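> Next up is a structure, given as C-alpha cells.
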Amino acid sequence: MGSSNSFTDFISSLTAGNRPDVYLSVTPGIGLELIQVDDASKTVKNYTYRPLAYNESLREIANLDDFKKVLAEMFEELKISPKCNITLCLPTVLFGSIEMSLMLGDEAITGAITSEVEQSYVFKRHDPIVQWMDSNTNSGENRKLFYSAVQQLVVENISAALTEMGAALVDVEMSLAATLRALDYTGLAAEEMKDGVTWNLMTVNSNGYTLVSMSGKQIVDYYEEPIAVKSYEGDEIYNVISSSAQITLMSYPANYLLVISDTDSVSAELLAKNLNVECTIEYIENNKFKRKEFLPASLDVLPDNVLKISLQAIGTAITKTSDYPISFNFLATTGGDSVIQVETVKIPIGENVYEITPNMATVVSVVISAIIFIPVLIAFLLLPQIQAQKQAELDELNANIKQVEKQIAELKEQQQIAGKFNIKSEINKVLVNNRIKLMSYSAIGESVPPELWLTYFLTEGNGNISIKGGATTVEDVYLFFKNVKEYLVKSDLKLQKLEMQSDNVDEFMQNLPVTYDFEISNVSAPAATSSDDKGKGGKGSKNNKKSKGKKGKTTGQAANLAPQNKLISDTPIN
C-alpha cells in the first residue's frame, strides 16, 4: 500500500495529475458551483455552491474578490487543496453563425470572426477571445461556421485570481456547450440526439430565450431573442415568450422541442404548455422548480444541495471524459476545431486518472529509467568490492578447514603411537574370564555334598576365587574341596578355614551334632575374609541349627545351594 501511494505521488509530481481536477460553473440564479463527477459510476462525488453575483448586462462576474472568497470557502468545505487544475464554465457571452468561403485559411477566418464579434456592445470595452467550429452542413463554395467569444480581460483577471490562490486555470468553457454535453451524458435528450432526428432546444434565461436547431448532436442553426424577463410580473412572461417563440419555431420545423428554463422567473413546464407547436414537447427545469436530480449524488453531497446541481455544472465536470462533438475551450489555440489540444495519454491509478503529454511522457520515461538504472549502476560499481570481500572470507574459511584437517591427522597419529585397540585380544580376554567363571559354577554344582551348603561365592577376572559355607561333618568339607580341585585342575585353591560354628563348649555339648564353617580360596586370608563374618557367626549358627531337621530330606544339588535363611551373601556371584 505504501509503495503504490509513493508511485502515485511520483506520477502526480510530474503530470497534470499532481493537482486535482476541479470544475467550476458560474451559473446565474445559483452562483458559483464546484463539482466533481465519478465517470465510472456516473455519480456526483463532490458538490457545493455559494451565491455569487453575476452582471447580466456586462456578462461578467460582478466582483472578483467575492469570487476568490467563496471559492476558498468551498475548497475548505470539501477538503480540496487550492493547488488544483480548474476548468471554468461561464455563461454564454456571445454565440452565432457565419458563412465563409472555403478558400479562407484558419487565420483569415479567425480575423473575420473577430471583426464580426467586435460589433457587439459587450466587446466595445474588451478585446474578445474567439473560438469557432464547422457546422458540418457546408454547401457550395461556402462553409457555415459557429463561433463564440468571451472577454479576454475577464479570463485574464479570473486566471490571475486563481493563481493567487495556488490554482491553475486550464480550460474556459461556455454554458451552451456544457448544457448540450450534460443532456447527452445524463440521457435527458436520448431520443432527440439520435442520428437524423431534428429537434429544437429552447433555453430561457433572464436575458430572453435562445433557440438552437439541432440534427442529432450537431448544431444546424442558432437564434437568440432578447427579452427583459424580470421586468414582467406573474404569468405575463409566458404569453410574451410563447408569442415570440411561436413565430420563430415556424422557421425551424422539427420532431421534438425541448424547453429548458435557467431562470427562477419562468417554469419550463408552464411555458411548454403555452406553446402550440406540431411536435413532441418536453421540458427540463434547471431552476428552483426542479423536482428530480439530473445525476445521482454520493452521500458526501449534502441532501439540500442535490437539486441545486445544474446542467451547466454537470457538462463542465465531464469536459475531459465526454466525447460530445461540440466544445469551446477559450484557452486553446484558435483554429478550425472547437478545441485544439495536445494529445495526451490517460493513465488510471486507483481512483485517479492522470493525463501525460508526449513531452511529459518523455520526461517520465527518463526519470523512471534513471530510477531503474541508478541501482543497477550502483550494484555494478560495488560488485567488485563485494566479490573481493566474499573471496577473502572464502580463503579464510579454506585456511581454517585445512588447519582442522591437520589437527585431525595429528590426533590420529598420536592415537596410533599410543597403542592400537586389538579387538581379537580383548575378545579372548573376555572369553577366558567367562570360561573360568563358568567352570567355577560347574565345579560347585557338581561338588556340593548333601550335608554342605554355601554362604558366599566370588570369582574375579584375575582368577581369584573365594568360597564360604557350612557343613555338618569335616568329611563333607574335604569331599567338597577335593571335588572342586578336580574340576579346577589349574587352580591354586586352598582350604583357608575350617572350624566349628561356635566356640562355646557348653553350647557345643548341648547341641550335638556340631556344624562347621569353612572357607576355600586362593587369596590371602585377610583378603578372603568377608566383612559379613565379623559378629555374625552366632546368628549363622542359630540359623543352621534350625535347619538341621531338613538335612538328607532334599535331593539334588539345587537344594544344597539354597540352604536355610542365607543362600549367598550380598556380594553378587560373577
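The values are calculated or read from the model by the stated rules, or taken from the named source; none is laboratory data. Just so it is clear, the structure is predicted and the values come from calculations on it, not from any experiment. Cβ atoms come from the backbone with ideal geometry, glycine included; neighbour counts cover every protein chain shown.
> Tell me the strands (runs of 3 or more DSSP E) entirely within the range 121-216 that contain at least 1 residues that are surrounded by 21 or more Cβ atoms within 10 Å (Cβ to Cβ) and in the same structural domain as residue 34 (by TED's automatic domain parsing).
128-134, 142-151, 168-174
> Can you tell me which residue in the range 50-81 is modelled with the lowest pLDDT, limited to those that are over 11 Å from residue 26 (Cβ atoms) and of a type in the set (Ser, Thr, Tyr)?
57
> Return the pairs, sorted by first residue and then second, in which the second residue is among the hydroxyl-bearing types (Ser, Thr, Tyr), the first residue lies in the range 43-61 and is farther than 19 Å from residue 151 by Cα, the beta carbons are less than 7 Å apart, and the residues are 6+ apart or on different chains.
Correct list of pairs: 43/298; 44/298; 45/298.
> Tell me whether the range 223-245 contains one or more residues that are buried (at least 18 other Cβ atoms within 10 Å of the Cβ) and over 23 Å from residue 28 (Cα atoms).
No, there is no match, as no residue in the range 223-245 is buried (at least 18 other Cβ atoms within 10 Å of the Cβ) and over 23 Å from residue 28 (Cα atoms).
> Filter the range 12-31 down to residues that are part of a helix (DSSP H, G or I) and within 26 Å of the chain's Cα centre (by Cα) and give me whichever is modelled with the highest pLDDT. So that I can check it myself, show each step before the final result.
Our first condition is that a residue be part of a helix (DSSP H, G or I); within the range 12-31, this holds for 12-14, 16-18.
Add one more test, that the residue is within 26 Å of the chain's Cα centre (by Cα), and what stays is 12-14, 17-18.
On the way: 12: 45, 13: 47, 14: 47, 17: 46, 18: 61.
Per the criteria, the residue is 18.
> Out of 314, 318, 281, which single residue is touching a residue at least 24 places away in the same chain (Cβ under 8 Å), surrounded by fewer than 21 Cβ atoms within 10 Å (Cβ to Cβ) and of a type outside the set (Phe, Trp, Tyr)?
Within the list 314, 318, 281, the selection yields 281.
> Taking the stated definitions as given, is residue 468 at pLDDT 85 or above, under 60 Å from the mean Cα position of the chain (by Cα) and either surrounded by 12 or more Cβ atoms within 10 Å (Cβ to Cβ) or not assigned by TED's automatic domain parsing to the domain that holds residue 497 (or both)?
The answer is no for residue 468.
> Moving on. Being in contact with a strand residue (DSSP E or B) (Cβ under 8 Å, 6 or more places away or on another chain) and at pLDDT 90 or above narrows it down to one residue among 344, 263; which is it? Before you say what the answer is, go through the steps one by one.
Values: 344 fails: at pLDDT 90 or above.
263 is the lone residue from the list that is in contact with a strand residue (DSSP E or B) (Cβ under 8 Å, 6 or more places away or on another chain) and at pLDDT 90 or above.
> Of all residues in the range 72-110, which are surrounded by fewer than 17 Cβ atoms within 10 Å (Cβ to Cβ), within 52 Å of the chain's Cα centre (by Cα) and outside any loop (DSSP other than H, G, I, E, B)?
Result: 72, 73, 76, 77.
> Would you confirm, using the coordinates I've provided, whether residue 115 is within 27 Å of residue 186 (Cα to Cα) and outside any strand (DSSP E or B)?
no
> Another one. Can you find even one residue in the range 228-242 that is under 54 Å from the mean Cα position of the chain (by Cα) and hydrophobic (A, V, I, L, M, F, W, C)?
No, the range 228-242 has no match at all.
> If I go through the range 32-58 residue by residue, how many of them are part of a loop (DSSP other than H, G, I, E, B) and either buried (at least 20 other Cβ atoms within 10 Å of the Cβ) or at positive phi (or both)?
2
> Checking residue 69 against (1) under 22 Å from residue 205 (Cβ atoms); (2) not in a strand (DSSP E or B): exactly one of these is not met. Which one?
Failed condition: (1).
> Restricting attention to the range 240-263, does a residue exist that is assigned by TED's automatic domain parsing to the domain that holds residue 147, over 30 Å from residue 150 (Cβ atoms), outside any strand (DSSP E or B) and of a type in the set (A, V, I, L, M)? Let's see the steps before the verdict.
Start the filter on the range 240-263 by keeping residues that are assigned by TED's automatic domain parsing to the domain that holds residue 147, which leaves none.
The answer is no; no qualifying residue exists.
> Exactly one of these conditions fails for residue 371: (1) in a helix (DSSP H, G or I); (2) modelled with pLDDT of 85 or more; (3) not charged (D, E, K, R). Give me its number.
(2)
> For the range 294-306, how many residues meet the condition of being under 20 Å from residue 182 (Cβ atoms) and either in contact with a strand residue (DSSP E or B) (Cβ under 8 Å, 6 or more places away or on another chain) or loosely packed, with under 15 Cβ neighbours inside 10 Å (or both)?
Qualifying residue count for the region: 7.
> Look at residue 116 and say whether it is surrounded by 15 or more Cβ atoms within 10 Å (Cβ to Cβ) and over 30 Å from residue 232 (Cα atoms).
yes
Yes/no per residue for (1) of a type in the set (Val, Ile, Thr); (2) out of contact with any Lys or Arg (no Cβ under 6 Å at 6 or more places or on another chain):
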residue: 258; (1), (2): no, yes
residue: 262; (1), (2): no, yes
residue: 266; (1), (2): yes, yes
residue: 276; (1), (2): no, yes
residue: 285; (1), (2): no, yes
residue: 288; (1), (2): no, yes
residue: 293; (1), (2): no, yes
residue: 298; (1), (2): no, no
residue: 302; (1), (2): no, yes
